[in-house]
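Chemist: Here it is: the structure, laid out below.
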Amino acid sequence: MRQRESVLHLRNMAKRIPRDSEKTLFPLHASLDELREASKTCKACDLWKLGTQTVFGEGLPTAKIMLVGEQPGNQEDLEGKPFVGPAGKLLDAALEEAGIDRKTVYVTNAVKHFKWEPRGKRRIHKKPNAAEIAACRPWLDAEIAALRPKIIVCLGATAAQALLGRDFRIAQHRGEFVKSTLAPHVMATVHPSSILRAPDEATREDEMKKFIVDLKKITQVH
Ligand code: URA
């Protein structure tokens with residue numbers, strides 16, 4: 001993102017911060033470390049009451065590639081790091097197959113607190129709603145402004161709709177680079193959890209192959 005576009009983004013971002021969340025305001029041009037620190041006390045929506053902690057993005061501050069998921073899961077919530085649970089393991093394997101070293105990318109989520117509901121002793125993932133996604137969007141915008149990635153990959157519908165609009169459909173545009181002011185190359189593909197949920201082994205293998213094909217496209221523009 002060029003300097004001017006980046007500043008415009010930050011201005012828009014400031015306008016989008018919900019009125020009751022001044023506590024979460026962060027300085028323009030904040031670094032990723034400053035943002036991570038500021039995000040720890042975010043109360044822009046009620047999800048802070050559910051999650052153990054804010055799970056901010058993580059990765060190389062000079063990364064050219066930014067991967068955006070939906071929200072932290074159970075394990076991410078406990079460890080405070082994105083994509084370290086089962087979906088993260090699958091993502092790591094797919095990145096490796098695609099020739100991308102996870103250590104060289106920046107990984108984050110559209111929503112930074114774990115939304116869940118109890119089922120017995122388990123905490124079951126609950127999809128974040130539009131208000132929660134909007135409340136968290138300033139953090140994502142600030143991460144993009146600080147990192148200025150060359151490539152953004154939205155993993156799943158929540159990330160895609162947060163960054164590319166509510167009408168964006170992964171089924172229609174997966175693996176395509178779409179025009180966006182967010183970064184020179186922006187793409188959406190499936191969420192790794194959807195591969196874990198495949199009904200049988202053959203489907204899972206097939207979905208994994210398609211996911212790797214999408215990720216390999218990154219290496220062609222990288
Ligand atoms: N799913 C996500 O979208 N993000 C994580 O960090 C973990 C699981």
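Chemist: Across the range 63-104, which residue is farthest from the ligand (Cβ to nearest atom) among those that are among the aliphatic types (A, V, I, L, M) and within 17 Å of ARG123 (Cα to Cα)?
Modeler: Per the criteria, the residue is LEU78.
Chemist: For MET1, only one of the following conditions fails: (1) at pLDDT 70 or above; (2) within 18 Å of ILE151 (Cα to Cα); (3) outside any helix (DSSP H, G or I). What is its number?
Modeler: The single condition MET1 does not satisfy is (1).
Chemist: Being in contact (Cβ under 8 Å) with a residue 60 or more places away in the chain and under 19 Å from ALA93 (Cα atoms) narrows it down to one residue among PRO192, PRO149; which is it?
Modeler: Just a single option satisfies the conditions, and that option is PRO192.
Chemist: Do you know which of the residues in the range 44-62 that are more than 19 Å from GLU117 (Cα to Cα), surrounded by fewer than 21 Cβ atoms within 10 Å (Cβ to Cβ) and more than 13 Å from the ligand (Cβ to nearest atom) is farthest from the chain's Cα centre (by Cα)?
Modeler: It comes out as THR62.
Chemist: Give me the pairs: first residue in the range 105-127 and within 11 Å of the ligand (Cβ to nearest atom), second residue among the hydroxyl-bearing types (Ser, Thr, Tyr) and open to solvent by less than 70 Å² (accessible area, probe 1.4 Å), beta-carbon distance under 6 Å, and six or more apart or on different chains, which are they?
Modeler: Correct list of pairs: ALA110/THR158; LYS112/THR54.
Chemist: Related question: Which one of these is open to solvent by 20 Å² or more (accessible area, probe 1.4 Å), not in a loop (DSSP other than H, G, I, E, B) and not charged (D, E, K, R): ALA93, ALA87?
Modeler: ALA93
Chemist: Just checking, how many residues over the range 30-84 are acidic (Asp, Glu) and in a loop (DSSP other than H, G, I, E, B)?
Modeler: Number of matching residues: 1.
Chemist: Show me the strands (runs of 3 or more DSSP E) found entirely inside the range 112-220 where at least 3 residues are open to solvent by less than 40 Å² (accessible area, probe 1.4 Å) and β-branched (Val, Ile, Thr).
Modeler: 151-155
Chemist: Spot the failing condition for VAL107; the list is (1) touching a Gly at 6+ places or on another chain (Cβ under 6 Å); (2) within 27 Å of THR219 (Cα to Cα); (3) part of a helix (DSSP H, G or I), and only one is missed.
Modeler: (3)
Chemist: For the range 159-181, does any single residue satisfy the condition of being within 16 Å of the ligand (Cβ to nearest atom) and among the hydroxyl-bearing types (Ser, Thr, Tyr)?
Modeler: Within the range 159-181, none of the residues are within 16 Å of the ligand (Cβ to nearest atom) and among the hydroxyl-bearing types (Ser, Thr, Tyr).
Chemist: Right, another one. So which pairs qualify, if the first residue must be in the range 201-218 and farther than 14 Å from GLY156 by Cα, the second must be open to solvent by 40 Å² or more (accessible area, probe 1.4 Å) and part of a helix (DSSP H, G or I), the Cβ gap must be under 7 Å, and the two must be at least 6 apart or on different chains?
Modeler: Cβ pairs passing all conditions: ILE212/GLU97.
Chemist: Restricting the first residue to the range 51-66 and requiring it to be polar (S, T, N, Q), which pairs with a second residue that is in a loop (DSSP other than H, G, I, E, B) and open to solvent by 10 Å² or more (accessible area, probe 1.4 Å) meet a Cβ separation below 6 Å and a spacing of at least six or different chains?
Modeler: Correct list of pairs: GLN53/GLY80; THR54/LYS40; THR54/CYS42.
The values are calculated or read from the model by the stated rules, or taken from the named source; none is laboratory data. Keep in mind the model is a prediction, meaning the values are calculated, not measured. All Cβ positions, glycine included, derive from the backbone under ideal geometry; neighbour counts span all protein chains shown. Accessible surface is based on the protein model in full, side chains and every heavy atom, while ligands, DNA and RNA are left aside. Shrake-Rupley method; radii C 1.70, N 1.55, O 1.52, S 1.80 Å.
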